[in-house]
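The values are calculated or read from the model by the stated rules, or taken from the named source; none is laboratory data. Because the structure is a prediction, the values reported are computed rather than measured. Backbone-built Cβ (ideal geometry, glycine too); neighbour counts: all protein chains shown. What goes into the accessible areas is simple: the full protein's heavy atoms, side chains included, and nothing from ligands, DNA or RNA. Shrake-Rupley method; radii C 1.70, N 1.55, O 1.52, S 1.80 Å.
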Amino acid sequence: MLLKDKVVIVTGIGPGMGRKLAIEAGKVGARLVIAARRKEFVEGVAAEVVAAGGAAVAVAADVSKQADCDRIAAAAIEHFGRIDGLVNSAYGAGPFVPFEEGDLADWRSAMEVTLFGSLQMTKSVLPHMKAAGGGSIVNVSTMETRKPLAGHGSYVVAKTALAGATRQLAVELGKYKIRVNTAIMGWIWGQPVEGYIDSMSAQSGTPREIMIAGISANIPLGHIPPDQDCAKSILLLLSDYACEVTGASLDINGGEYVAP
């Protein structure tokens, strides 16, 4: 099994790819500690993982707080005795408004979660990964770092900073056999995007199928990548099949990054 007996922490568990990532990781043998701010939700996802035959512990936590990050890492050690992988999926974003209308306090808040939350989680797992003889950290990013959308400044800037952190940490932590990589997502077909398309369709009067076709036309593989399949690519970066990959950015977006 791809991640047999590896202990993996995933932050920012939500109804889209985060949930699918946890379920798929459990199926390939990972022992999971999953974290999000919503206690009931993250406990529900942990129950799904267990029901599918995996092992998972849920922790309600806010990664913008170092104490919460330490608590997540401590849960992994308490239940499973080690930490082999970390997926930094938690992010923050302010209101999607033009820069000149926005409040930079919202940008700072996004940084606290997306960038510093990921750095704090890395600080929390570092001594345990060193003790284990290595590990893999995957920072989840977005194609908007290459193709920014107007009004998404707080999200884009925080994720762009996270990409720089990936490269910096890869250089500094490689001596401990700790790999650090970025997964760059585009459109992801799942509950959040389905809800967004339904909402925009209702507002504009454009049929849902037309909107989906318009998005898919800009993706070389011809469809919006399903969240479950995007999650599987992250599992590859966590696994020993990527043992010589660090400081890299893997595009998991159906080739959208090369589309005009």
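Computed from phi, the 3J(HN,Hα) profile of region 166-171 under the Karplus parametrisation 6.51, -1.76, 1.60 (θ = phi - 60°) reads 4, 5, 4, 5, 4, 5 Hz, with x in place of Gly and Pro. Of Arg82, Arg108, the residue with the largest accessible area leads and the full order is Arg108, Arg82 (1.4 Å probe).
Near Val7, the amide H atoms lying under 5 Å from its own belong to Arg31, Asp84, Gly85; only residues 5 or more places off or on other chains count, and H is placed 1.01 Å from N.
Tell me, how many Å apart are the Cα centres for region 1-44 and for region 164-183? Rounded to whole Å, the Cα centres lie 22 Å apart.
Give a quick list of GluC sites (Glu not before Pro) in region 152-260 that DSSP marks as loop, anything other than H, G, I, E or B, with at most 10 other Cβ atoms within 10 Å.
Those satisfying the criteria are Glu244.
Look at the dipole of the chain built from charges on Cβ: of Thr246, Ile212, Ile13, the Cα furthest out on the positive end belongs to Thr246.
Quick one: net charge around Ala165, please, counting Lys, Arg +1 and Asp, Glu -1 for every other residue with C-beta under 11 Å from its C-beta.
Within the 11 Å Cβ shell, the charges total +1.
Proximity of backbone amide H atoms, modeled 1.01 Å from N, is registered between Ala259 and no other residue at under 5 Å, excluding neighbours fewer than 5 places apart on the same chain.
The phi torsions of region 179-192, fed into the Karplus equation with coefficients 6.51, -1.76 and 1.60 and a -60° offset, translate into couplings of 9, 9, 9, 10, 9, 9, 9, x, 5, 10, 6, x, 4, x Hz, rounded to whole numbers, with Gly and Pro shown as x. Only protein atoms count toward the accessible area here, which uses a 1.4 Å probe; on the chain, the carbon and sulfur part of that area reaches 56 percent. Within the chain, what is the number of lysine pairs with alpha carbons under 14 Å apart, leaving out pairs fewer than eight places apart on the same chain? Eligible lysine pairs with Cα atoms under 14 Å apart amount to 8. Using a simple spin-label model with pseudo-atoms 7 Å out from Cα toward Cβ, Gln66 and Glu209 lie 5.6 nm apart. Across region 1-142, C-alpha contacts under 8 Å between residues 6 or more apart give a mean separation that, scaled by the residue count, equals a relative contact order of 24 percent.
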